[in-house]
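Worksheet: the structure to be examined is printed underneath.
The values are calculated or read from the model by the stated rules, or taken from the named source; none is laboratory data. In this text, all values refer to a predicted model and were calculated from it rather than measured experimentally. As a convention, Cβ positions derive from the backbone with ideal geometry for all residues, glycine included, and neighbour counts pool all protein chains shown. Quick note on the areas: whole protein, heavy atoms, side chains included, nothing else; ligands and nucleic acids left out. Shrake-Rupley method; radii C 1.70, N 1.55, O 1.52, S 1.80 Å.
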Amino acid sequence: MVVVRFSTTVAFVLIATFGITANGVCRGDAPVEGDAALLKTLIDVQATNLTLFPKGELTAEGSEKYHRLEAKATVIWDGSRTYTRFHTKQVIQVPVKGNPDLKEDVDSIQDGEMIEVPGVLMVHFPSLHQARRYVDHVAGTGYVRELLLRPDQIWFSSDGNINIKELISPSSTKAKGVRFVIKRDGPERVVIERHIENGSFMRYVASLAAGGNIVSYERVPSNNKSLAGSGFYSWDRDLTGRWYLREFGYKVSLPSDPKRLNVDYSLRVTDFNADPVIPSNRFEFSSFKFEKGTVVEEGLIIGRSPADSPGHRKYRVGKEGPTEKRISESQLNSLSDKLRAGGFAAPDRTSK
């Protein structure tokens, strides 16, 4: 890892606000009870942290127990351009051969790589000899959300979804009808409560010892009429002193049964490099290494059939694949349809 200069911005901002108490906020902002200046500092920390790693590389292992999905991926990013090499395994139920009324558990395993750049998603499944290039693409869609691993996508989010900076900011468009309470919990912890008009609230805990990053949160429903959930984060420092995500997890229960989870997700970053050497063509379709016999489809649009994708073209690389891997055109078409319909796992695990 290349060492770059250490930024003291976050540390200075935190030190500057210790002991300051303010109750006023800008006109039009949601009301804040407690140390509004400290809350502003924590919001600034979140905004700063989002910009700390404009590029990088990480390897992570994740699992979602409720949907019995496991994923391991290496992600390289430069801004919004992302390359991901992934392995996913999900336990799914299929009809028993000879007895379609019964179902059995099987492991659905997918290995591949994908490139996502603004407006385009490219995927390659080497073992299936399949590659596709989607256009008119909406970022973050068409694949399981467990592969959303860039800092701006998952590191600072609530339930892997909305950025916490927006949820704790009194001036955010998401703060309508919200009341904030901020208080200290010992010398290094700050508690932020986000109260909603219906009586439910979110509780976030930030650690000054972890650079002001959020270390846990909890969603407390009102009379069990809304989702309940909780999450945690653990942080580590790279060689330059910048904080990066080491572990993350969250759980969400059903409104009808708070004791029953419908999401149980955990993530562990096993390797992190803030300054990788990225090949010049890393985010181009040409960087995929296609074996002879690979069927390539270009100009597809997610959610549309090839016939409804005006720029669609389909071709095979070379004349034929290796003898031991040769499969028929009908089999290739069947595999293509299956992958296109299901994303990188079962449809209910696909980002939309």
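Let me spell it out: the conditions are (1) part of a strand (DSSP E or B); (2) open to solvent by 10 Å² or more (accessible area, probe 1.4 Å), and Trp77 meets all of them except one. Which number is the exception?
Unmet condition: (2).
Which ranges mark the strands (runs of 3 or more DSSP E) fully within segment 171-288 that have 3 or more residues being among the aliphatic types (A, V, I, L, M)?
Strands (runs of 3 or more DSSP E) meeting the threshold: 178-184, 189-196, 201-207, 213-220, 243-254, 257-273.
Quick one: Ser127 ticks every box in (1) farther than 25 Å from Thr48 by Cα; (2) open to solvent by 10 Å² or more (accessible area, probe 1.4 Å); (3) outside any helix (DSSP H, G or I) bar one, so which box is it?
The number of the failed condition is (3).
In segment 98-111, is there at least one residue being part of a loop (DSSP other than H, G, I, E, B) and on the phi > 0 side of the Ramachandran plot?
Yes, segment 98-111 contains a residue that is part of a loop (DSSP other than H, G, I, E, B) and on the phi > 0 side of the Ramachandran plot.
Can you name the residue in segment 80-90 that is without any contact (Cβ under 8 Å) to a residue 40 or more places away in the chain and among the basic types (Lys, Arg) and is also least open to solvent (accessible area, probe 1.4 Å) among such residues?
That would be Lys89.
Take the conditions open to solvent by 20 Å² or more (accessible area, probe 1.4 Å), modelled with pLDDT of 95 or more and of a type in the set (Val, Ile, Thr) and apply them to Thr48. Does it pass?
Here the answer is no, as Thr48 does not meet what is asked.
Checking Ser63 against (1) more than 30 Å from Thr41 (Cα to Cα); (2) assigned to a helix (DSSP H, G or I); (3) open to solvent by 20 Å² or more (accessible area, probe 1.4 Å), only one condition comes out false. Which one?
(2)
Quick one: in segment 162-186, which of the residues that are touching a residue at least 40 places away in the same chain (Cβ under 8 Å) and charged (D, E, K, R) is surrounded by the most Cβ atoms within 10 Å (Cβ to Cβ)?
By that ranking, first place goes to Lys165.
Six or more apart or on different chains, Cβ under 8 Å: which pairs go from a residue in segment 94-105 that's β-branched (Val, Ile, Thr) to one that's open to solvent by 80 Å² or more (accessible area, probe 1.4 Å)? Could you list them?
These pairs meet every condition: Val94/Lys103; Val94/Glu104; Val96/Leu102; Val96/Lys103; Val96/Glu104.
Tell me, which residue of segment 130-141 that is of a type outside the set (Gly, Ala, Ser) and either within 18 Å of the chain's Cα centre (by Cα) or in a loop (DSSP other than H, G, I, E, B) (or both) is farthest from Gln153 (Cα to Cα)?
The extreme case among them is His137.
Name the single residue that is surrounded by the most Cβ atoms within 10 Å (Cβ to Cβ) among those in segment 13-45 being β-branched (Val, Ile, Thr) and modelled with pLDDT under 70.
Ranking the qualifying residues of segment 13-45, first place goes to Thr17.
Tell me whether segment 149-160 contains one or more residues that are modelled with pLDDT under 90, among the charged types (D, E, K, R) and over 30 Å from Thr84 (Cα atoms).
no
Would you point out the residue of segment 100-124, among those that are among the charged types (D, E, K, R) and open to solvent by less than 40 Å² (accessible area, probe 1.4 Å), that is nearest to the chain's Cα centre (by Cα)?
Residue satisfying both the conditions and the ranking: Glu116.
Which residue, of Arg237, Arg242, Arg246, Arg268, is surrounded by 15 or more Cβ atoms within 10 Å (Cβ to Cβ), among the basic types (Lys, Arg) and more than 17 Å from the chain's Cα centre (by Cα)?
Just one listed residue meets the conditions, Arg242.
Scan (1) in contact (Cβ under 8 Å) with a residue 60 or more places away in the chain; (2) open to solvent by 30 Å² or more (accessible area, probe 1.4 Å) for the single condition Arg189 breaks and write down its number.
Unmet condition: (1).
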